[in-house]
Structures are given as structure tokens and as C-alpha cells.
Amino acid sequence: MAKNNLLFHSPLFFHFFLSLLLSLSLLPSFRFLFLLYHYPPLPGISPKRNYLISSEIAKRSAFSIIFTSTKSALTRDTANISVKTISAFDFRYFLRKKNSGGTVVDKRKNSVWFQRAIKLMNTFPFSILIGEGGPVYLMNLIWQGNTAIRKHKITHIYSSFRPFTDHFAAYILKKMNPHIYWIADFRDLMYDPYFNKIYFKKIHNRFFRNIFYTADLVTTISEGLAEKLRAYNSNVITLKNGISKFPEQFLPVPASKFTVAYTGSMYLDKKNAEPFFVAIKELIDEGKLARENVNIIYAGKDSFYWHDMAAVYKLSELIDDRGVLTSTDAMNVQKDACVNLLLTISSDHQTGILTGKMIEYFEAGNPVLAIVKNQIDPELEILLKELRIGKSFSDLPSDLPGIKEFIFEEYTHWKKTGMNRKAVDVEVLKKKYSIEETMRPLYEKIGIPILPLNPLKGTSDFTF
């Protein structure tokens, strides 16, 4: 009898009872429809972000359904979410017959005609006619989405860019159902000063303002992007990419060579790895690095860039080209590297272009060398400093000595230990980037209880 009394008065029982009470009273008011063209098992950060955010929301909601273009084993009902495939007969449908990611090598994008085609594809109404998704996907999102809203008493719609088709369908559904709370997520801007991939910018600026003014909330990955998006909607919050599972320990691993890794795309001339090659070449020439000890791993679709750059600086034999890897294999490369190279772009006109790979680099825990085209990005610099994981440099000649010093220090550590180094401040990483913490601003904004989770809901063990 005494044991039973102890059970009823224990913190664990109280936590479970409170969880059950919340699940039966508060959570049923949240019923979500997600419009997510990009979803696992498609590779890349976009599907991963969409998966993690939708899964976390689903754990705290009474009902959740995802509409996606993806066909996979995930398109089945699970304990906490239902996934429905909406067919998309677009250009990526045909590209995926050649490669799983449906991507185009950047070298093929250099032609004037290809660039014009991309700009046309991003220009409304062509963005919904020949862009990602296409008209069949769009019409099915609207038709089946409206049916789902009425059948399942949906309270919230969450859509994410890219593609614009998901946002446009959410906009139409919001017009048809004004009571719906619409959350519009942006991993990228609709257009920015770097890529310039849209016609009639001024007209589109007014058009986008009219579209996204109707959203109840806008979310994005960085404060730099949030600042630009406030031109469309004043209710904008930063929703950083988060980490769902942390390793039990961040332990260094043996490395047969001093390995620098870069995993990802180059986006034509929007990233600049040349200062890195210059630094490696000069350190070798100065006798500070032994050529035979250096290994440069590249994983991605733009191998031509790395081979061309290595040839210019007579470093071709150092390139270890892994090609396009699965997300899991790419993350294993990151965890084993002595240095993870991060490339992005920044200027006075636009900051906060935080590559999606950044969160994977943080999760790996290894030293990060960031090289930013044009100038140092203040937001990125703060993130690296607070985690003590690396340093940020511009691609200007004045920053070359700092890049060389960073590489040499990590090389010296490898030379002494034969291991890579786990530089990240684990406590800060968990505090700032656990998925529960990165989702907190959204929960607080829309009124989802942060803790505890719904005990009647399961959790997905899908891994990337």
C-alpha cells in the first residue's frame, strides 16, 4: 500500500498525469496540414528541415497530415503523422529518373539560355506552371487540401519555400478558409541580390507582399533573412534548424591523414573556395604542411569545381572526390574530418545566408573553417563563437593569414595526436540547437504547450 502511495506522489507519475491532462484538453485544438514538396527520403537539408519541424509539431498535435511529392516507405500512417503523396509531373520528376535528388550539375547552368530558363521558372505564373510542383500538383494540393480541412477540422496550415507552389496553394486555401492559421516558412528568400533569378522584381515585390500579408506567421532560418521578409509581413520569427538526437559522447576519431571536408553545392560563383586552396598551397610551399599528409574530401554534385581549382594550384592528387552521397554518408564524412569547410556569401545588402550544412557541421562537432564571399557575415560569426567550434573569414586577401593560421593549428593538433578534434561546446550546442529549443519560438507564438509531449503520441525513429 505504501508503495502505491509513493507511486502516486512521485514526480514521474505527476509528469505523466499532467501530460495526459494536456493531451486530452489543450492539444486537440491543434490539427495541422503540412504542404511540403521536399520530404524524406529525398536527400538534402530541405527535406530534413521539413521532416523535423513537421514531426515535432505532430507530437504535440491531435492530428497532422503531410502532402508531399515524395514517394517512399514514409508515405504511410505512423503513430503521430499521416503522409500522403501528391503526384508532381514537373521537371524534377524527369530529372529524378536520372538521379535521386533531381538535381542539375552547376557546370551545366553556366549557359545564358539555362540562366534565362531558371529566371523564367521563378517568375510568376511560370513558377507554378513549369516550376517545382507544376499545375497538377498545385490543383491537387488545393482540392485535396480543402477536403482535408473540412474532413479533419484542420486549424493550421504550414507550407515551406521552396517551391513557391506550396505557398501559393496555402494562400488559396487560406482564402477559402479564413479561419485557418497559416504559417509560411522560408529556407531561402523569394529572390535575393546574389542569385537574381527572377524577372520583373518590383512587380513581384508587390505581388509577394499581397500574398504573404495574409499569412498569420512567417518563419525563416536566420535573422538576416527575417529582416528582409518583414517587408512582406511584420510577424516574422527565426526558426533555426535543430538537432533531434545527440550522440552520447563527442569523441575524437583516428585520422590517417589531415582531412578537410566540404559537402554540398557551389551555386556557380556564389561561393569561393579559392582562399582555402591558396592557403593549403602556401602552407605546403612554406614546409608547414607535408603534401602527403593532406586529404581534401569533396562530396556533392559539383566535383568539376574542386578538380579545376586543385589543378590551378597543383593540388590535384590531394582531392578525394566522393561524388553525391546519402545524407548519412555525408554526415559520416563530416564527423571523421579534421576540419569541415563552410562556404557562403554575405554583403551589406543581405546577411544571414546560413547554409543548411551548418547544422550538420555543428552536430559533427569538428572545427569549422568558414570562408564567406565578399565579407564576414556577423550572424555566422556569432554562431561560431558561441559554440567555440570555429572561425569565420572573408575571401579577401587580408584574411588569408588568418585562414592559414587556422589550418596550421588544426594540422599541428592532428600531427601530435593522429586524431581529429571535437571543438564544439557540447553544453551550448544542446542548449541552443536541440530541436525542442529551436522549436520553442514557434510553440510560444502559436500557443502549443512546450512541455510535456503528448504521451499518447509515438515518436518517429527515422534517421537521415
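The values are calculated or read from the model by the stated rules, or taken from the named source; none is laboratory data. This structure is a prediction, so every number in the text was calculated from the model and none was measured. Note that each Cβ is placed from the backbone with ideal geometry, even for glycine, and that neighbours are counted across all protein chains shown. These accessible areas exclude ligands, DNA and RNA; they are computed on the full protein's heavy atoms, side chains included. Shrake-Rupley method; radii C 1.70, N 1.55, O 1.52, S 1.80 Å.
When each of Lys281, Lys288, Lys335 is tested for being more than 30 Å from Leu42 (Cα to Cα), modelled with pLDDT of 95 or more and not in a loop (DSSP other than H, G, I, E, B), the lone residue that passes is Lys281. Close contacts from the range 205-229, counting a first residue that is free of Cβ contacts under 8 Å to residues at least 24 places away in the same chain and a second that is polar (S, T, N, Q), with Cβ to Cβ under 8 Å and a gap of 6+ residues or different chains, come to Tyr213/Asn233.
When each of Thr219, Thr214 is tested for being at pLDDT 95 or above, more than 24 Å from Phe89 (Cβ to Cβ) and open to solvent by 10 Å² or more (accessible area, probe 1.4 Å), the lone residue that passes is Thr214. Scanning the range 212-243 for residues that are of a type in the set (S, T, N, Q) and within 26 Å of His179 (Cβ to Cβ), we see that the one that is nearest to the chain's Cα centre (by Cα) is Thr220.
Any residue at all in the range 266-286 that's open to solvent by 20 Å² or more (accessible area, probe 1.4 Å), among the hydrophobic types (A, V, I, L, M, F, W, C) and on the phi > 0 side of the Ramachandran plot? Checked the range 266-286: at least one residue is open to solvent by 20 Å² or more (accessible area, probe 1.4 Å), among the hydrophobic types (A, V, I, L, M, F, W, C) and on the phi > 0 side of the Ramachandran plot. Against the condition open to solvent by 40 Å² or more (accessible area, probe 1.4 Å) and at pLDDT below 95, how does Lys257 come out, does it pass? So Lys257 does not fit the description; no. With respect to the conditions (1) open to solvent by 50 Å² or more (accessible area, probe 1.4 Å); (2) at pLDDT 75 or above; (3) not in a loop (DSSP other than H, G, I, E, B), Gln144 lacks only one, and its number is (1).
If I go through the range 373-400 residue by residue, how many of them are among the acidic types (Asp, Glu), crowded, with 21+ Cβ neighbours inside 10 Å and more than 20 Å from the chain's Cα centre (by Cα)?
Step one: of the range 373-400, the residues among the acidic types (Asp, Glu) are 377, 379, 381, 386, 395, 399.
Restricting the remaining residues to those that are crowded, with 21+ Cβ neighbours inside 10 Å gives 377, 395.
Cutting the leftovers down to more than 20 Å from the chain's Cα centre (by Cα) gives us 395.
Looking only at that region, the number is 1.
Any residue in the range 226-237 that is on the phi < 0 side of the Ramachandran plot, surrounded by 19 or more Cβ atoms within 10 Å (Cβ to Cβ) and of a type outside the set (A, V, I, L, M)? Yes, that holds for at least one residue.
Flag: Phe362 does not match the condition of being more than 24 Å from Phe186 (Cβ to Cβ) and not charged (D, E, K, R).
A single member of Ala310, Ala370 is part of a helix (DSSP H, G or I), at negative phi, open to solvent by less than 10 Å² (accessible area, probe 1.4 Å) and of a type in the set (A, V, I, L, M, F, W, C), and it is Ala310. Taking the criterion of being touching a Ser or Thr at 6+ places or on another chain (Cβ under 9 Å), within 16 Å of Phe276 (Cα to Cα) and surrounded by fewer than 20 Cβ atoms within 10 Å (Cβ to Cβ), the residues of the range 289-307 that qualify are Asn295, His307. Among residues of the range 235-261 that are under 30 Å from Phe277 (Cβ atoms), those with a beta-carbon under 6 Å from a residue that is among the hydroxyl-bearing types (Ser, Thr, Tyr) and surrounded by 18 or more Cβ atoms within 10 Å (Cβ to Cβ) at least six positions away or on a different chain give the pairs Phe258/Tyr411. Select from the range 347-367 the residues that are in a loop (DSSP other than H, G, I, E, B) and without any contact (Cβ under 8 Å) to a residue 60 or more places away in the chain and list them in ascending order. Of everything in the range 347-367, those that are in a loop (DSSP other than H, G, I, E, B) and without any contact (Cβ under 8 Å) to a residue 60 or more places away in the chain turn out to be Asp348, Asn366, Pro367. When Leu173 is tested against (1) modelled with pLDDT of 95 or more; (2) under 16 Å from Lys445 (Cβ atoms); (3) buried (at least 20 other Cβ atoms within 10 Å of the Cβ), exactly one condition is not met: (2). Of all the listed residues (Ala226, Ala215), the sole one being within 24 Å of Asn50 (Cα to Cα), out of contact with any helix residue (DSSP H, G or I) (no Cβ under 8 Å at 6 or more places or on another chain) and not charged (D, E, K, R) is Ala226. Looking at the range 410-424, can you tell me whether even one residue there is buried (at least 20 other Cβ atoms within 10 Å of the Cβ), outside any helix (DSSP H, G or I) and modelled with pLDDT under 90? No, the range 410-424 has no match at all. The set of residues in the range 147-160 that are open to solvent by less than 40 Å² (accessible area, probe 1.4 Å) and in a helix (DSSP H, G or I) comprises Ala148, Ile149. Based on what the data block shows, is Glu437 open to solvent by 40 Å² or more (accessible area, probe 1.4 Å), more than 21 Å from Ile45 (Cβ to Cβ) and not in a loop (DSSP other than H, G, I, E, B)? Considered against the rule, which asks whether it is open to solvent by 40 Å² or more (accessible area, probe 1.4 Å), more than 21 Å from Ile45 (Cβ to Cβ) and not in a loop (DSSP other than H, G, I, E, B), Glu437 comes out as no. Taking the range 29-131 and the strands (runs of 3 or more DSSP E) fully enclosed by it, the elements with 1 or more residues that are at pLDDT below 90 and among the polar types (S, T, N, Q) are at 82-85.
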